[in-house]
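Input: a single structure, listed below in structure tokens.
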Amino acid sequence: MRRIAGLLVAPLLLLTAVACGSDDKASDSASSKNGVPAITAGAKFGEKPTLSKGEGDPPKELKTDVISEGDGAKLKNGDAIQVNYLGQAWDSTKPFDNSFDRKQPFDLTLGAGMVIQGWDKGLVGQKVGSRVELVIPPELGYGEQGQGDIKPNATLVFVVDILKATQIPASAKGTEVAQDNIDLPKVGVKTDGKAPTVTIPKGDPPKKLVSNYVLESDGEVVKESDSVVVNYVGMIWKGAKEFDNTYTTGKTQTFPLSQVTLKGLKNGLTDKKVGSRVLLVIPPDQAFGDQQQQAIPKNSTLVFAVDILAKV
């Protein structure tokens, strides 16, 4: 089963797919510090940094240098975190990407494979409120193939501001809501962290979006401007075929609702409560329409069982 999550959300940045480069240039004359390129301007947490070019051969191993240490909790795998960052190749004076200019921090689940390995490995154990500089060797970056403007076998340098972190529960929890419409799928209510069962009836699907609580929590209401951390099972109504399941990988998905391209998913999760389990039935005009997407035929009605685990 191929992962489909990348089709649900518009790509934001290079960590999974390279975004457009920055026009800013860094200094190539400043000396390195602690074996990492020096920050020549914007050194304080929250400021957009300017990086010098790396000197000599880059380190062979992943290197994390704490520029300033925060006083928040230490990051653990599975945490939903929010960061600002700037990225530049070791031998370059020009950043290839940064979130500071977009004025939109980046959200991810640490250790979930949402980003290059150098991030997942280099940020674990760092404290919220810290600014760190990562030097990432090719095998923990984009390796021999490179990516977009990033050359093959490039060593990457990132300055990362860790803005916040949220611990993620294993499952949605809340009050069971009656599922008494025999024409709609039935979703399991176990809260053991495993994928809930989804039973799709044999009749025709509804023509309009369905967004119903299965378990209703008393958490905060999700707004379209929020980023959410979810686990989900995705199925095609016709044939009751599963096309995606985050539970099987043990890795949640984190995405800003404003960047969700699947209209029914965005609309169906907006105004629902954090901590809840939700049934979504998405008609074709709010899904992929007349376009086939991987294993999803055109004009398919999609069914999701979604645990809204957190918002960041």
When (1) open to solvent by 40 Å² or more (accessible area, probe 1.4 Å); (2) within 21 Å of residue 254 (Cβ to Cβ); (3) at pLDDT below 95 are applied to residue 151, the one that fails is (2)
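Any residue that is closer than 26 Å to residue 308 by Cβ, within 11 Å of the chain's Cα centre (by Cα) and in a loop (DSSP other than H, G, I, E, B) - is there at least one of those in segment 115-123?
Yes, the conditions are met somewhere in segment 115-123.
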When segment 68-82 is checked residue by residue, the ones that are buried (at least 23 other Cβ atoms within 10 Å of the Cβ) and either part of a strand (DSSP E or B) or β-branched (Val, Ile, Thr) (or both) are 80, 81
Reported set for segment 218-248 where residues are in a loop (DSSP other than H, G, I, E, B), farther than 20 Å from residue 182 by Cα, among the aromatic types (Phe, Trp, Tyr) and modelled with pLDDT of 95 or more is none
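Scanning for something at positive phi and touching a residue at least 12 places away in the same chain (Cβ under 8 Å), does segment 253-268 turn up at least one residue?
no
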Within segment 130-148, of all residues that are among the polar types (S, T, N, Q) and modelled with pLDDT under 95, the one nearest to residue 48 (Cα to Cα) is 147
The residue from 215, 184, 265 that alone is more than 30 Å from residue 130 (Cα to Cα), at pLDDT 95 or above and assigned to a strand (DSSP E or B) is 215
Is there a residue being open to solvent by 10 Å² or more (accessible area, probe 1.4 Å) and not charged (D, E, K, R) anywhere in segment 130-137?
no
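The values are calculated or read from the model by the stated rules, or taken from the named source; none is laboratory data. Predicted model, so just to flag it, every value in this text is computed and none were measured. We place every Cβ from the backbone using ideal geometry, glycine too, and count neighbours over all the protein chains shown. When the accessible area is computed, the model is the full protein with side chains, heavy atoms only, and any ligands, DNA or RNA have been set aside. Shrake-Rupley method; radii C 1.70, N 1.55, O 1.52, S 1.80 Å.
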